[in-house]
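Asks: Could you have a look at this structure, given as structure tokens, before my questions?
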Amino acid sequence: MHATIPQPELAAAVSWAARQLPARPTNPVLTGLRLTAADGQLRVEAWDGTTAAHATLTADIAEPGTVIAPGQMLNQVIGALRKSDVTLAGRNAELEVTTLGAHFALNVLDGRDYPTLPAIPAAQGSVDGTEFAAAYKRVKAAIDPKADGTFAGMSGIRIRVDSDILALTATDRYRIATATVPWQAEQSAAAMGVLPGKVFADNAGAFQGRLHLSLPADGAGTAALSGDGRQVSTMLIDPHLFPHKLDELILTKTGRIVCTAEDLAEGVRAAMAVSEAGKPVWVNASEAGVSLRAGQTSRSVIELDATYESENDGFEAAINSVYLLDGLGPLTGLTHIDVTTPKTPAVIHSPDDPTYRYIVTPLREPEST
């Protein structure tokens, strides 16, 4: 193999592919990146046993061939090089990396043990890659990365096609975050899947143009993301392990707190100065105004520039302070918090932005937390 390619393009592809490498590989060869040079292109591939990543780059190919390079070492080497052309040459049991003023020789892995990567299924439709990344950032706080067993679905994010909308939903049982982006269908079919949280973390921001998605109708099997010369295919989490009943959640409101997201978040942080992150903050709302309090031994009371709209006398509930800040984070400007009772979920949303909704459950026994 002998290929030459500009360092910035190669570094971006290798860095992205290296993120997919397994931390605890079942086979040492899976720590490698497979580099294939042919037909004017260099293909960089990674596989961790459940997720396959492919990056295709235009390159000057003097000699076709394939090598399995040590992934993390290659990433460090390419990232440290000057921004000039880089030549990759496979000779004997080494990969030679050469650029202006630098030469490295890396021992390669035995390619005979490298598995055949799964094929990329056809896409059902596409979304704007930047909007997809933004939607992920809005819901990621609600993922439970430690969820397993019957709750394993909560360690991922469910994506589902609903007409001309793609909805991303995450939950950890205590809150539900949903963000939507416009969906352009390429096939008229129902589609959904629960993607592992790591796949989102590694790839949600990797596609700047159109992001094409492939999802099974019933959520079982394989999903794929492709665009910008990159492709990712991954095994989905069993859809039965995601709590789909949350879609049937009927929420009514008896009152509404009207504020700005910035003022409320600032008030929560101020109130929590006498307590610890994750401890409850009490939200008190009445005709007299809206205030926050926190702490047990030391106390705080913060008056907010907010109003309470309701026919009831008042409302007070204790909410995990981190959960409340997470829900407010994606919002700016005018914000509504729809409430019912101190024991039922509150809904945080913007009247000017229907693409985001955050549901949080108040603490039932706040004094014990």
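Rule-based calculations on the coordinates, nothing more; no lab input. Computed from a predicted model, the values in this text were never measured in an experiment. Cβ placement follows ideal geometry from the backbone for every residue including glycine, while neighbour counts extend to all protein chains displayed.
Asks: Once the piece of chain linking Ala273 and Gln296 is laid out straight, how much longer is it, given 0.36 nm per residue of separation minus the C-alpha distance between them?
Replies: Residue separation times 0.36 nm, minus the Cα-Cα distance, leaves 7.1 nm.
Asks: Here is a further query. Once the dipole of the chain is set up with Lys and Arg at +1 and Asp and Glu at -1 on Cβ about the Cα centre, which of Thr335, Leu264, Val44 lies farthest towards its positive end?
Replies: Of Thr335, Leu264, Val44, it is Val44.
Asks: Still on this model: If the only charges are +1 at each Lys and Arg Cβ and -1 at each Asp and Glu Cβ, what is the size of the charge dipole of region 87-196 around the Cα centre, to the nearest 20 debye?
Replies: 400 debye
Asks: Sticking with this structure for a sec: Between (1) 26, 44, 25, 5, 0; (2) 27, 51, 19, 3, 0; (3) 28, 58, 14, 0, which matches P(r) over Cα pairs in 20 Å bins from 0, in percent calculated for the structure shown?
Replies: It is the one labelled (1).
Asks: Quick one: Cα centre-to-centre distance for region 1-54 and region 234-251, in angstrom?
Replies: Taking the Cα centre of region 234-251 as reference, the centre of region 1-54 is 33 Å away.
Asks: Between the helical axis of 129-139 and the dominant principal axis of the chain, each derived from Cα atoms, what acute angle in degrees is found, rounded to the nearest 10?
Replies: The answer is roughly 40 degrees.
Asks: Please name whichever of Pro28, Phe315, Leu57 sits farthest to the positive end of the charge dipole of the chain, dipole taken about the Cα centre and charges placed at Cβ: Lys and Arg +1, Asp and Glu -1.
Replies: Most positive-ward Cα: Pro28.
Asks: With 5 Å bins from zero, work out the P(r) of region 193-262 over every alpha carbon pair and list the percent per bin.
Replies: In order of increasing distance, the bins hold 3, 13, 18, 16, 12, 10, 10, 11, 5, 1, 0 percent.
Asks: Roughly how many whole Å is it from the C-alpha centroid of region 177-213 to that of region 312-353?
Replies: Using only Cα atoms, the two centres lie 27 Å from each other.
Asks: Then there's this: Determine the dipole magnitude for the chain: charges of +1 sit on the beta-carbon of Lys and Arg, -1 on that of Asp and Glu, nothing else is charged, the reference point is the Cα centre, and the result goes in debye to the nearest 20.
Replies: In debye, rounded to 20, the chain gives about 760.
Asks: With r defined as the distance between the Cβ atoms of Thr130 and Thr307 and R0 fixed at 35 Å, what FRET efficiency is calculated, to the nearest 0.05?
Replies: So the FRET efficiency works out to roughly 0.50.
Asks: Near Lys279, which aspartates and glutamates are there with a Cα under 13 Å away, not counting those fewer than 8 places off in the same chain?
Replies: Result set, ordered by chain and number: Glu365, Glu367.
Asks: In whole angstrom, note down how far apart the Cα centers of region 126-172 and region 55-90 are.
Replies: 34 Å
Asks: To continue, here is another question. So, by mean Cβ neighbours within 10 angstrom, what's the order for 94-100, 12-18 with the highest one leading?
Replies: Ranked by mean Cβ neighbours within 10 Å, highest first: 12-18, 94-100.
Asks: Which whole-Hz couplings ³J(HN,Hα) result when phi for each residue of region 300-305 is put into the Karplus expression 6.51 cos²θ - 1.76 cosθ + 1.60, θ = phi - 60°, listed in order with x for Gly and Pro?
Replies: Along region 300-305, the couplings run 9, 9, 10, 7, 10, 7 Hz.
Asks: Shifting gears a bit: Among 334-340, 149-155, what's the highest-first ranking by average C-beta atoms within 10 angstrom per residue?
Replies: 334-340, 149-155
Asks: Something else about it: If each residue of separation counts as 0.36 nm, what is the full-extension length gain between Asp238 and Ala38 once their alpha-carbon separation is subtracted?
Replies: 68.3 nm
Asks: Trypsin sites (Lys or Arg not before Pro), restricted to region 307-365: which are DSSP loop and have at most 15 other Cβ atoms within 10 Å?
Replies: Lys343, Arg364
Asks: Also, I was wondering about something else. Amide H neighbours of Ala190 under 5 Å, at least 5 residues apart or on other chains, H built in the peptide plane: list them.
Replies: none
Asks: Additional query: Considering the zone a paramagnetic label at Asp113 would reach in this model (a point 7 Å from Cα along the Cα-to-Cβ line), which residues of region 78-95 have amide N under 17 Å from it?
Replies: Under 17 Å, as judged by backbone N against the label point of Asp113, lie 93-94 of region 78-95.
Asks: While we're here: Put +1 on the Cβ of every Lys and Arg and -1 on every Asp and Glu Cβ in region 188-251; which of Ile250, Ala191, Gln231 then has its Cα farthest towards the positive end of the dipole?
Replies: Gln231
Asks: Rounded to the nearest 20 Debye, what is the dipole magnitude of region 248-369 about its Cα centre when Lys and Arg each give +1 and Asp and Glu each give -1 at the C-beta?
Replies: The calculation lands at about 380 debye.
Asks: Simple spin-label model, 7 Å along Cα-to-Cβ: Thr26 to Arg82 in nm?
Replies: About 4.5 nm separates the two model spin labels.
Asks: Starting at 0 and stepping by 10 Å, how many percent of the alpha carbon pairs of region 126-268 end up in each bin?
Replies: It works out to 11, 40, 32, 14, 3, 0, in whole percents.
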